[in-house]
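Below is one structure, written out as structure tokens; comments come after it.
All of the numbers you see were taken from the coordinates with simple rules; none came from a lab. Since the model is a prediction, treat every value here as computed from it, not as a measurement. Cβ atoms come from the backbone with ideal geometry, glycine included; neighbour counts cover every protein chain shown.
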Amino acid sequence: MKAAGLSRYLPIEDSRALEDFELPPPAAPQGQDLLVGVQAVSVNPVDAKLRRSGKGEETPPRILGFDAAGTVLAVGPGVTAFEVGDEVYYAGDVTRPGCNAQLQLVDERLVGRKPATLDFAEAAALPLTTLTAWELLFQRMPYQLDGRRNAGRVLLIIGGAGGVGSMAIQLGRHAGFTVVATASREESRAWCLQMGAGHVIDHRQPLAPQLQALGIAQVDAALNLADTDRYWQALGELLAPQGHVGLVVEPAGELRIGDPYKAKCIGIHWEFMFARARFRTADMIEQHRILTRAASLIDAGELRTTLTRRLGPINAANLRQAHRLLESGSTVGKLVLEGWD
Ligand SMILES: NC(=O)c1ccc[n+]([C@@H]2O[C@H](COP(=O)([O-])OP(=O)(O)OC[C@H]3O[C@@H](n4cnc5c(N)ncnc54)[C@H](OP(=O)(O)O)[C@@H]3O)[C@@H](O)[C@H]2O)c1
């Protein structure tokens with residue numbers, strides 16, 4: 001099978017940072033695994049972080065990629081939710097070979113049926129970021145998807161135009177929040193409004209005066225999707241007593257979890273999208289349920305794809321371009337590669 005991966009961990013400027021390989025296909029699926037024919041993939045900061053941070057040589061090559069859409073080609077003996085021919089989308093498991101390969105094994109409990117109204121590329125843009133935003137808002141933080149429950153609540157999203165932010169804005173709005181997103185450029189600002197943000201402020205300027213200008217003295221909930229250390233103090237000051245903050249990025253330094261967080265009794269919630277797969281938690285089937293529910297909302301027109309750019313077929317050259325763009329830190333929505341040449 002064709003695959004694009006790495007045998008050494010190199011900066012993206014090096015043409016060997018990601019290379020094309022011809023690899024043996026995976027073994028027949030066992031247990032609850034599906035064998036999927038991958039048709040489209042998206043890229044995420046985790047791909048670039050893994051590519052940059054690893055050490056030594058990989059034999060066989062390491063295959064990255066944790067956002068895919070494709071077709072089920074074979075099922076393990078324990079599979080109950082899918083059959084051959086089903087069209088699916090999933091993020092998968094960071095501890096197993098990724099989706100930048102024509103064939104991939106993935107546990108059915110991490111997989112959802114592809115939204116019927118989307119093509120493979122539009123669907124591949126979604127799983128990792130949808131799972132992240134959904135798990136954070138509705139499973140780690142105490143909020144419900146039901147729009148009536150959050151009416152009157154303000155949700156501040158730092159990094160609104162990124163992959164996670166694009167889906168968090170949509171889910172926050174669907175859940176009834178007034179969403180204030182942050183963006184620092186005209187393009188990212190316009191995208192946040194398209195995703196459903198009620199207001200957009202600039203994360204490169206002090207946040208409090210911009211919120212005050214909108215008549216917002218404090219926020220009920222905040223998601224920091226960009227830089228945990230940088231906004232920590234400001235968010236503690238902006239959050240209302242008994243509010244909640246959601247985090248997804250490892251802090252570079254130490255966070256002071258005392259005042260103002262303690263005095264205001266602010267809930268601090270971590271999300272790691274791969275935790276369920278990595279630790280094989282008893283509830284890992286939640287990811288199947290979330291992706292299935294998200295697909296229904298997409299097909300009902302309540303949520304939309306976050307795809308912004310199609311970069312061509314899945315190969316090393318196009319993946320290197322995708323990593324370069326992601327490493328610039330200024331992509332809007334999601335980059336997708338589709339098909340094999
Ligand atoms: N824990 C988890 O499960 C999990 C899951 C997914 C992602 N993540 C992490 O979450 C982060 C965001 O992921 P993503 O996929 O959304 O990234 P992304 O798509 O690469 O985000 C790009 C956006 O980040 C914004 N941005 C850049 N620097 C910023 C800053 N200092 N403050 C606020 N916004 C800034 C940019 O907006 P402007 O151009 O407007 O500045 C840009 O639109 C990454 O670090 C990723 O590794 C964690």
query = Once phi is turned into ³J(HN,Hα) by the Karplus curve 6.51 cos²θ - 1.76 cosθ + 1.60 with θ = phi - 60°, what whole-Hz value does each residue of segment 44-53 show in order, with x for glycine and proline?
reply = 9, x, 4, 4, 5, 5, 5, 5, 7, 9
key: Built amide H within the under 5 Å cut-off of Val111, gap 5+   = His288
ask   = What is the gain in length, in nm to one decimal, between Glu22 and Ala282 on full extension, counting 0.36 nm per residue of separation less the C-alpha to C-alpha distance?
value = 90.0 nm
remark   = For segment 231-301 the chymotrypsin sites (Phe, Trp or Tyr not before Pro) that pass both the DSSP coil test and the at-most-12 other-Cβ-within-10 Å test are Phe279
ask   = Say a site is exposed when it is one of the trypsin sites (Lys or Arg not before Pro), sits in a DSSP loop, and has at most 12 other Cβ atoms within 10 Å; what is then the longest site-free stretch of the chain?
value = 56-203
message = For a quick check: sort Cys265, Cys99 by the number of other beta carbons within 10 angstrom, fewest at the front.
response = Cys265, Cys99
ask   = What is the order of Ser53, Ser15, fewest Cβ neighbours within 10 Å to most?
value = Ser53, Ser15
message = So, R0 is 30 Å and r is the distance between the beta-carbons of Arg256 and Ser330; what FRET efficiency does that work out to, to 0.05?
response = 0.50
inquiry  = I want to make sure I understand the PRE zone here: with the label point 7 angstrom from the Cα of Val249 toward its beta carbon, which residues in segment 261-287 have backbone N atoms less than 17 Å away?
reply    = 269-273
ask   = Using bins 5 angstrom wide from zero, how does P(r) for segment 130-270 break down, in % of all Cα pairs?
value = 2, 11, 22, 25, 23, 12, 4, 0
query = Using a simple spin-label model with points 7 Å from Cα along the Cα→Cβ vector, what separation in nm is obtained for Arg148 and Glu302?
reply = 1.4 nm
note = One would report the antiparallel percent of DSSP beta bridges in the chain, rounded to the nearest 5, as 55 percent
note = Residue separation between Leu193 and Lys49 times 0.36 nm, minus their alpha-carbon distance, gives in nm 49.0 nm
note = Taking r as the C-beta separation of Gln30 and Arg310 and R0 as 51 Å, the FRET efficiency to the nearest 0.05 is 0.90
message = Among Phe177, Cys192, Gln321, which residue has its Cα furthest toward the positive end of the charge dipole of the chain, with +1 on Lys/Arg Cβ and -1 on Asp/Glu Cβ?
response = Phe177
Exposure proxy ranking, count of Cβ atoms within 10 Å, fewest first, for Leu103, Leu145, Leu223 = Leu145, Leu103, Leu223
message = Placing one identical point scatterer on every Cα of segment 1-41 and ignoring solvent, what is log10 I(q)/I(0) from the Debye formula at q = 0.24, 0.29 Å⁻¹?
response = -0.90, -1.02
ask   = Counting other Cβ atoms within 10 Å of each Cβ, which GluC sites (Glu not before Pro) in segment 181-288 have at most 13 and sit in a DSSP loop?
value = Glu254
remark   = For segment 122-186, the percent of all C-alpha pairs falling in each 5 Å bin, from 0 up to the bin holding the max distance, is 4, 19, 28, 25, 15, 7, 2
inquiry  = Report the gain in length on full extension from Val84 to Arg293: 0.36 nm times residue separation, minus Cα-Cα distance, nm rounded to one decimal.
reply    = 73.1 nm
inquiry  = Relative contact order of the chain, please, whole-number percent, based on alpha carbon pairs below 8 angstrom and at least 6 residues apart.
reply    = 20 percent
key: Principal axis box of segment 239-293, alpha-carbon based, largest edge first, Å   = 38, 26, 16
task = Taking the dipole about the Cα centre of the chain, with the C-beta of Lys and Arg at +1 and of Asp and Glu at -1, give me whichever of Val106, His269, Pro209 is farthest to the positive side.
result = Pro209
task = Could you give log10 I(q)/I(0) at q = 0.10, 0.15 Å⁻¹ for the chain, computed by the Debye formula over C-alpha point scatterers of equal weight, without solvent?
result = -0.58, -1.25
note = With T = 10 °C, eta = 1.306 mPa s and Kirkwood Rh from C-alpha pairs, the Stokes-Einstein D of segment 230-327 in µm²/s is about 90 µm²/s
remark   = The aspartates and glutamates whose Cα lies under 18 Å from the Cα of Lys262, excluding any fewer than 8 residues away in the same chain, are Asp220, Asp229, Glu237, Glu254
query = Between segment 236-303 and segment 147-181, what's the alpha-carbon centroid distance in Å?
reply = 13 Å
note = Helix 286-299 sits off the longest principal axis of the Cα atoms of the chain, rounded to the nearest 10 on a 0 to 90 degree scale, by 80 degrees
